[in-house]
Amino acid sequence: MLEDGQWNRAGFSTLLNREPDIALVATADIELEIAPLAAQFAPDVVLVNTDLMVSQILPKVAELKSAAPKCAVIVLCDPTKRGMLPPRRRARRVSFVVKDTSVRQLAAAIRHVARGERVVDPRLEVAAISTEKAVSTREWEVLGLAAEGETVAEIARRLYLSLGTVRNHISSVITKTGARNRLDAIRIARKDGWLR
């Protein structure tokens, strides 16, 4: 189980260990180096229990998968927090379960994922659909110019926009992509094929 040290359900590990076919072999802070631990224990399933945004979790999942390629990953999400919803185009091999799910339901999800299935809690799918907003062409254009190294003033001058409008477009793209900041939004856009 990977946790961020900030959020820990009391007795959570103990309750999971009571399941006859589930053994918790290790816990680790998600901010630490996790690849050696994954290589050492070669877990079937890793449960990620953190308040980090999904865009912050996915690089850690990639690191984990490089050390233990057969390992399945379940991320516990809070649908009320921005950036905690499953991305639609990325993380197709990652499962997502709501944080307030019961231990019995979580154990069932762990079993499904261990068999090679993917699990996405329907509540998260509904929340993602109702909150997902498409990035507009203008917003991609502004982000593309930012990716080329242009300043807000240069983008505003080039596109005949006010400085505030450019900042609003960049802020909107960050929100819609679930990014941490402008650089993370550019990275996500490039990974998803929206920018070169």
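List every residue pair whose Cβ atoms lie under 8 Å apart, where the two residues are 6 or more positions apart in sequence or sit on different chains, the first residue falls within segment 90-107 and is modelled with pLDDT of 85 or more and part of a loop (DSSP other than H, G, I, E, B), and the second residue, located anywhere, is loosely packed, with under 14 Cβ neighbours inside 10 Å and of a type in the set (Lys, Arg).
Sorted first by the residue in segment 90-107, then by its partner, the list stays empty.
Hey, residue 21 hits all of (1) in a helix (DSSP H, G or I); (2) modelled with pLDDT of 80 or more but one; which does it fall short on?
Unmet for residue 21, out of (1) in a helix (DSSP H, G or I); (2) modelled with pLDDT of 80 or more: (1).
Taking into account only those residues within segment 30-53 that are touching a strand residue (DSSP E or B) at 6+ places or on another chain (Cβ under 8 Å) and of a type outside the set (Val, Ile, Thr), which is nearest to residue 16 (Cα to Cα)?
Among those residues, the one meeting the criterion is 47.
Those residues that are acidic (Asp, Glu), open to solvent by 30 Å² or more (accessible area, probe 1.4 Å) and touching a residue at least 24 places away in the same chain (Cβ under 8 Å), I need them from segment 129-181; list them, please.
Scanning segment 129-181 gives a single hit, 132.
Would you be able to tell me the number of residues in segment 164-196 that are assigned to a loop (DSSP other than H, G, I, E, B), more than 16 Å from the chain's Cα centre (by Cα) and small (Gly, Ala, Ser)?
In the first step, residues of segment 164-196 are kept if they are assigned to a loop (DSSP other than H, G, I, E, B); the result is 178-181, 192-196.
Okay, now just the ones that are also more than 16 Å from the chain's Cα centre (by Cα), so 193-196.
Then keep just the ones that are small (Gly, Ala, Ser); that gives 193.
Looking only at that region, the number is 1.
Could you tell me whether residue 55 is hydroxyl-bearing (Ser, Thr, Tyr) and in contact with a helix residue (DSSP H, G or I) (Cβ under 9 Å, 6 or more places away or on another chain)?
On the way: hydroxyl-bearing (Ser, Thr, Tyr): yes; in contact with a helix residue (DSSP H, G or I) (Cβ under 9 Å, 6 or more places away or on another chain): yes.
Taking the combined requirement at face value, the residue satisfies it.
Give the number of residues within segment 35-73 that are over 14 Å from residue 93 (Cα atoms), surrounded by fewer than 21 Cβ atoms within 10 Å (Cβ to Cβ), aliphatic (A, V, I, L, M) and without any contact (Cβ under 8 Å) to a residue 40 or more places away in the chain.
So the answer is 5.
The values are calculated or read from the model by the stated rules, or taken from the named source; none is laboratory data. Values in this document were obtained by computation on a predicted structure and should not be read as measured data. Backbone-built Cβ (ideal geometry, glycine too); neighbour counts: all protein chains shown. The accessibility values were calculated without ligands, DNA or RNA, using every heavy atom of the protein model including side chains. Shrake-Rupley method; radii C 1.70, N 1.55, O 1.52, S 1.80 Å.
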